[in-house]
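Notes follow the structure.
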Amino acid sequence: MRFGSVKLQAASIVVSAALCFGSAALAVSPFDQLSADEHWRVIETLGDAGKLDGDTRFGRLSILPPDKSKAWKSGARGPRLAEIMIKQGPKAFEGVVNVDTGKLVSWTEKEGVQPPWLVEEYFGRIPAIVKAHPEFRAALARRGYTRPEFMKCITLPPGNFGEERFAGKRIGVVRCYPDGPLMNTFPRRVEGLLVFADMNTGEIIEIDDYEVVPAVKTIAEYDFASVNEGRRFNTPLNVTQDEGASFSFDGNIVTWDKWRFHIQSDQRVGIVISEASWGDGDNRRPVLYQGYLSEISVPYMAPYGDWYLRNPIDAGEYSAGGLSDPLTKGVHCPAHAKFVDALIVTDRGQPQTKNNVICMFERASGDPSWLHDVQGRQDRTLVARMAARLGNYDYVVDWEFSPDGQIKVRLGATGVVAIKNSVEKNALSKSAADERADAYGRFVDDHVVAINHSHYFSFRLDLDVDGAKNDFRLGKLVQKRLPESSPRKSIWVFEDSVLGNEDEARLGGGHSKPSLWRVASAEKRNGVGYPTSYQIMPGMTAPTLMSEDDYPRLRTGFIDHPLWVTAYDAKERFAAGDYPTLSEPGQGLPAWSKEDDIAATDIVAWYTIGMHHVVRAEDWPVMPVLWHDVTLRPFDFFDGNPAITMEPTTP
Ligand SMILES: [Cu+2]
């Protein structure tokens, strides 16, 4: 969730192309984000059509994904269309503009939904109103804060718990912390005090004062000057590519080894990989039509009045300002990385360049790609990376392409864990209360408890294995009893079947049910006669422990199953729905996954990386990156190991 310090980007308006490597490139692909020129053309069209006024705020202004019926074909693919999502006072509208002709194609009022949280809503007028409120000032004073003007306050959407009094309102909750010189302000947060406000009217609905926890004295800085103890390695370790990178760009189309794909950063979801294909002589074989992180959900597990409502749906709720943040060499990416910029829309509709939101680099891990005896090859991969800072947490997303045909999607969680201040000092403190201070978390510092929570990351994986006509194949490993005469009593056998409809294709895994998930061509077979396919190889998943009537679960139904397979529908793009801000239950995947046929047709897989987080001391004051992944692995796609033809490296 974005709280603590959301960055406000300076409104720098650019006139060059949206995304560029070195020089400004013209749109060469239908997937290319709008250029600044195109962006302004859309604004002009909306203005001419009378759709803009002083209250207009933009939740989205972006290229609409191209018509998939023309997938995998080069050349023109119809007009470039822009999609617009705006807030106008309490109303929400959606529109489509034909960028080429400057015509408004559609304009619809969306009832019963809330557009994404705006940048101006975090720190805008509501915190100022709250800080001036006598009741709030008195509550601060009870905690020893006598100068509200030196408090920083932030307003966030609290989710939705079906409470009648909030129905239909754009509700924000305000939390505060004292301003000051510290980098890690999280332990300084004012505990047990929050304010509900109506964002549209500015009305303060409720001030909740739960408990007075004295200001915590802990210093938990993590910059080098604060922690330097003279520790250093004996020698430097530098990775260099003196002859330059071995990947190249044509606009935003990347070619590396046998791989080719389009890459760009979307305001809402960050890195989007499109039309990833494998080169086989002159032929290009489709693998992944499109892949991206479609939604994030992080429900916290404490019942306190100011904690139960921490259940951000981060991508959909907090992508104003852009989900992916600028990356730097030496922190996010290695020295030999190359960077990609993005163009986002500001609250007020201007195009804004956000630099270096994707980095790309080749990685030599030192691991073998394959070996036998004295024969073998060192592995070398191509990484496309983004990082999103969402308040206290930072997430790193890697798309890693391999010469053996594999694409690994990696998710790294790092940053500062969310903490609650407590009157009790530590795990040895005697508690006078009914419940210990660490009943819903664990102490990480004096008077500081990190609250239990889970993280879910849903990846939309529109695989097109050798074309769009695919099957989903569920392979089960089942026990086979052998005849009495056999010295061996049982073995396992592999039983593979094509699933018929969406209803059958909501899958879990686990140690007790070994299975193989594959997206397979319904038409092509490999050299030994099997359908060509890509396996979706799961990593960490986290079965939800929230009850079926719990709102944070109902609003993010995608977490109910690690894998969903749906029939392709251009409108189904974000796992918790288009409008997760303050959303009603049932949006997204649960609404879409019904009875549609998924055999021998265009299908989309939705895979969720999940982790429950019981915080340990080592996660404080900043957490070592915890990586989890899901791998797209060729399975009978080739006729043998495609990496054996790699040239040996000379040490
Ligand atoms: Cu965590």
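No value in this document is a laboratory result; all are computed from the given coordinates. This one's a predicted model, so the numbers in the text were calculated from it and none came from an experiment. Cβ sites come from the backbone with ideal geometry, for glycine too, and all protein chains shown count toward neighbours.
Once the Cβ-Cβ distance of Trp627 and Asn283 is raised to the sixth power relative to R0 = 30 Å, the FRET efficiency obtained is 0.30.
Look at the dipole of the stretch 17-164 built from charges on Cβ: of Val99, Gln114, Trp40, the Cα furthest out on the positive end belongs to Gln114.
Its Cα centre serving as origin, the chain has a Cβ charge dipole (Lys and Arg +1, Asp and Glu -1) of approximately 840 debye. Note on Gln375 and Ile219: the extension gain reaches 50.8 nm, defined as 0.36 nm multiplied by sequence separation minus the Cα-Cα distance.
Of the chymotrypsin sites (Phe, Trp or Tyr not before Pro) found in the stretch 206-270, those that fall in a DSSP loop while having at most 12 other beta-carbon atoms within 10 Å are Tyr222, Phe233. For the chain, the orientation-averaged shadow of the C-alpha convex hull comes to 34.6 nm² (one quarter of the hull surface). Once the chain from Thr101 to Trp72 is taken as fully extended at 0.36 nm per residue, the excess over their C-alpha distance is 7.9 nm. Using C-alpha pairs below 8 Å separated by at least 6 residues, the relative contact order for the chain is 14 percent.
So if we plug the beta-carbon distance of Ile644 and Ala49 into 1/(1 + (r/R0)^6) with R0 = 51 Å, what FRET efficiency do we get, rounded to 0.05? That pair, Ile644 with Ala49, gives E of 0.30.
Treating the beta-carbon of each Lys and Arg as +1 and of each Asp and Glu as -1, no other charges, what is the dipole magnitude of the stretch 437-507 about its Cα centre, to the nearest 20 debye? It would help to have the intermediate numbers written out before the result.
Working: 10 positive and 13 negative charges, 113 e Å.
Approximately 540 debye in magnitude.
Longer than 27 Å from Cα to Cα, which of Lys480/Lys594; Lys258/Lys524; Lys513/Lys571; Lys73/Lys110; Lys131/Lys425 are they? Say none if no pair is.
Lys480/Lys594; Lys513/Lys571; Lys73/Lys110; Lys131/Lys425
Summarising the label geometry, the points placed 7 Å from Cα in the beta-carbon direction at Val239 and Arg348 lie 4.2 nm from one another. Each of Asn356, Gly270, Val417 was placed along the dipole of the chain (beta-carbon charges, centred on the mean Cα), and the one lying farthest toward the positive end is Val417.
Bridging of Lys469 to aspartates and glutamates at a Cα separation below 17 Å is possible for Asp67, Glu275, Glu502, Glu523, Asp569, Asp596, Asp597, Asp602, Asp636, once same-chain residues fewer than 8 apart are set aside. Eigenvalues of the alpha-carbon gyration tensor of the stretch 119-226, scaled by 5 and square-rooted, set the equivalent ellipsoid semi-axes at 26, 16, 13 angstrom, largest first.
Highest mean packing first, where packing is the average number of other Cβ atoms within 10 Å per residue, the peptides 64-72, 577-585, 513-521 line up as 577-585, 513-521, 64-72. Peptides 549-557, 281-289 ranked from most to least packed, by the mean per-residue count of other Cβ atoms within 10 Å: 549-557, 281-289. Just to confirm a number: summing +1 for Lys and Arg and -1 for Asp and Glu over residues other than Arg147 whose beta-carbon lies under 15 angstrom from that of Arg147, what do you get? Charge balance in the 15 Å sphere: +4. Compared with the direct C-alpha span, the chain from His133 to Arg616 gains 170.0 nm at full extension, assuming 0.36 nm per residue. So what is the calculated 222 nm ellipticity per residue for the chain, using -39500 (n - 2.57) for each DSSP H run with n of 4 or more, over all residues, to the nearest 500 deg cm²/dmol? The helix contribution divided over the chain gives -2000 deg cm²/dmol. With contacts taken as Cα pairs under 8 Å at a separation of at least 6 residues, the stretch 155-279 carries a relative contact order of 13 percent. In sequence order, the stretch 186-193 has phi-based couplings of 4, x, 8, 4, 6, 8, x, 9 Hz under the Karplus curve 6.51 cos²θ - 1.76 cosθ + 1.60, θ = phi - 60°, and Gly or Pro positions carry x. Within a straight-line Cα-Cα reach of under 24 Å, Lys329 can be paired with the following lysines, leaving aside sequence neighbours fewer than 8 residues apart in one chain: Lys7, Lys338, Lys354, Lys408. In this Cβ point-charge picture (+1 for Lys and Arg, -1 for Asp and Glu), the stretch 119-226 has a dipole of about 300 debye about its Cα centre. Place a point 7 Å from the Cα of Ala364 along the Cα-to-Cβ direction; which residues of the stretch 237-255 have their backbone N under 19 Å from it? Within reach of a label on Ala364, which here means backbone N under 19 Å from a point 7 Å along Cα→Cβ, the stretch 237-255 contributes 237-248. Label-to-label distance, Phe123 versus Lys425, with points set 7 angstrom from Cα along the beta-carbon direction: 3.7 nm.
Between the amide H of Arg285 and those of Trp278, Gly279, Asp280, distances stay under 5 Å, these residues lying 5 or more places away or on another chain, with hydrogens modeled in the peptide plane. Averaging the sequence gap over all C-alpha pairs within less than 8 Å and six or more residues apart, then dividing by the number of residues, gives the stretch 119-226 a relative contact order of 25 percent. Calculate one ³J(HN,Hα) per residue across the stretch 378-384 by plugging θ = phi - 60° into the Karplus curve 6.51 cos²θ - 1.76 cosθ + 1.60, and present them in order as whole Hz with x for glycine and proline. Those phi angles translate into 6, 6, 8, 10, 10, 10, 10 Hz. Modelled label positions at Glu206 and Lys469, each set 7 Å beyond Cα in the direction of Cβ, lie 5.7 nm from each other. Under a 5 Å amide H cut-off, with hydrogens placed 1.01 Å from N, Asn501 pairs with Ile598 among residues at least 5 apart or on other chains.
Within the straight-line cut-off of under 13 Å between alpha carbons, the aspartates and glutamates reachable from Lys87 are Asp53, Asp55, Glu109, Glu111, Glu120, Glu121, Asp347, sequence neighbours fewer than 8 places apart in one chain being disregarded.
Taking the charge dipole of the stretch 481-603 about its Cα centre, with +1 at Lys and Arg Cβ atoms and -1 at Asp and Glu Cβ atoms, the residue from Ala599, Gly557, Ala520 reaching farthest to the positive side is Ala520.
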